[in-house]
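The values are calculated or read from the model by the stated rules, or taken from the named source; none is laboratory data. It should be emphasised that the depicted structure is a prediction, and the values quoted were computed from it without experimental measurement. Cβ placement follows ideal geometry from the backbone for every residue including glycine, while neighbour counts extend to all protein chains displayed.
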Amino acid sequence: MQVLITGGAGFIGSHLCERLLRDDHDIVCVDNFITGTQSNVAHLRAGRRFRFLQHDISKPLDLPAPVDYILHFASPASPPDYLKYPIPTLKVGSLGTLNMLGMAKAKGARFMLASTSEVYGDPEVHPQPETYWGRVNPVGPRGVYDETKRFAEALTMAYHREHGIDTRIVRIFNTYGPRMRLNDGRAIPNFISQALRGEALTVYGDGGQTRSLCYVDDLVEGIRGLMDVAHPDPVNVGNPEEWTILELAKLVLELVNGAGSRIEFRPLPTDDPKQRRPDLATITRLTGWRPRVPVREGLAATIGWFRQHAQALAKS
């Protein structure tokens with residue numbers, strides 16, 4: 001297939017480029033480097049099946065070549081990023097999604113939207129099934145990300161119903177692994193970078209809020225399976241292994257051997273969700289997929305990658 005991946009130089013996007021190249025697909029990777037990095041795809045650029053375009057997909061993209069599949073993964077995804085870039089985040093989720101759906105219609109391409117568990121907001125239903133509509137504060141600081149993803153889902157379904165576009169919506173739960181940025185701002189890179197520097201690990205609130213962490217290789221396999229399944233409604237992809245933030249901080253300290261480090265508690269950010277765990281019944285029924293990498297194993301691999309790339313990451 002000829003596959004267009006927006007946000008392809010980002011954390012998840014670059015792993016998707018790599019995975020689909022292994023299947024001998026031709027990849028057009030589009031990124032404007034607002035949060036993606038050149039280094040994430042540098043090892044792919046010499047390949048004849050890989051083409052890179054630096055472009056902001058909030059603006060129209062003219063691509064004369066045929067396109068069979070569009071994977072729309074462009075967006076700031078961590079709170080520090082979308083709070084720093086609120087307008088670009090809203091634009092890429094609205095105008096960017098509109099532009100890519102328009103291309104899918106014009107090219108006769110299949111379309112996959114990378115949505116997020118953040119559409120559930122601070123949930124009152126646990127674990128979260130796709131049928132849960134969520135509890136989101138539209139005017140809070142996180143609304144620039146949460147609501148643009150909810151809008152992108154609505155736009156995707158409208159194009160599916162009105163124009164018959166073959167669409168997918170993937171609701172991604174907390175994902176971690178190699179190629180996360182040192183200053184990403186999410187819990188895992190924060191904890192690892194702080195532990196490696198011997199600093200106090202920053203835990204917000206009392207650390208009792210939960211997250212369900214999915215290793216990036218597992219996530220990519222889940223996405224790859226959904227690409228071939230005709231199912232337009234949203235599908236959760238994540239790991240149901242639920243941990244408190246405090247438990248994760250202590251595990252990172254153990255794995256880094258940071259006995260000299262300590263945990264420092266700070267006030268909980270506005271609208272920070274208290275719990276996260278995906279109901280995976282839909283993806284299991286559709287594809288048989290389940291995550292394979294336990295959190296301890298995935299964290300060990302991620303810490304190893306951070307150690308190896310610490311100097312380069314500090315300069316990025």
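Just a few scattered comments:
- Qualifying residues in the range 77-101 (those that are of a type in the set (S, T, N, Q) and modelled with pLDDT of 95 or more) - the one surrounded by the most Cβ atoms within 10 Å (Cβ to Cβ): Thr97
- Tally of residues being of a type in the set (Asp, Glu) and within 16 Å of Gly93 (Cα to Cα) across the range 1-45: 1
- Residue in the range 289-304 that is in contact with a strand residue (DSSP E or B) (Cβ under 7 Å, 6 or more places away or on another chain), among the hydroxyl-bearing types (Ser, Thr, Tyr) and more than 25 Å from Gly140 (Cβ to Cβ) present: yes
- Filtering Arg285, Arg307, Arg290 for residues that are surrounded by fewer than 17 Cβ atoms within 10 Å (Cβ to Cβ) and either among the acidic types (Asp, Glu) or touching a residue at least 24 places away in the same chain (Cβ under 8 Å) (or both) leaves a single hit, Arg307.
- All told, Ala74 falls short of being assigned to a helix (DSSP H, G or I), surrounded by 21 or more Cβ atoms within 10 Å (Cβ to Cβ) and not basic (Lys, Arg).
- A Cβ distance below 8 Å, combined with a sequence gap of six or more or placement on separate chains, defines the contacts here; from the range 1-26, residues that are assigned to a helix (DSSP H, G or I) and surrounded by fewer than 18 Cβ atoms within 10 Å (Cβ to Cβ) reach residues that are modelled with pLDDT of 95 or more and of a type in the set (Asp, Glu) in the pairs Arg19/Glu221.
- Sole residue being of a type outside the set (A, V, I, L, M), at pLDDT 95 or above, touching a Phe, Trp or Tyr at 6+ places or on another chain (Cβ under 6 Å) and on the phi < 0 side of the Ramachandran plot, chosen from Pro232, Pro278: Pro278
- The range 77-111: number of residues that are in a loop (DSSP other than H, G, I, E, B) and of a type in the set (S, T, N, Q): 1
- Options Val203, Val216, Val220: the member that is among the β-branched types (Val, Ile, Thr) and out of contact with any strand residue (DSSP E or B) (no Cβ under 6 Å at 6 or more places or on another chain): Val220
- Qualifying residues in the range 102-123 (those that are surrounded by fewer than 23 Cβ atoms within 10 Å (Cβ to Cβ), charged (D, E, K, R) and modelled with pLDDT of 95 or more) - the one nearest to Gly13 (Cα to Cα): Arg110
- Counted residues, the range 101-117 - those being in contact (Cβ under 8 Å) with a residue 40 or more places away in the chain and farther than 17 Å from Thr6 by Cα: 1
- Residues of the range 66-73 include at least one that is in contact with a strand residue (DSSP E or B) (Cβ under 7 Å, 6 or more places away or on another chain), in contact (Cβ under 8 Å) with a residue 60 or more places away in the chain and farther than 22 Å from His231 by Cα.
- Leading residue by the ranking (surrounded by the most Cβ atoms within 10 Å (Cβ to Cβ)) among those in the range 128-165 that are among the hydrophobic types (A, V, I, L, M, F, W, C) and assigned to a helix (DSSP H, G or I): Ala152
- Close contacts from the range 149-171, counting a first residue that is farther than 22 Å from Gly134 by Cα and a second that is polar (S, T, N, Q) and at pLDDT below 95, with Cβ to Cβ under 7 Å and a gap of 6+ residues or different chains, come to none at all.
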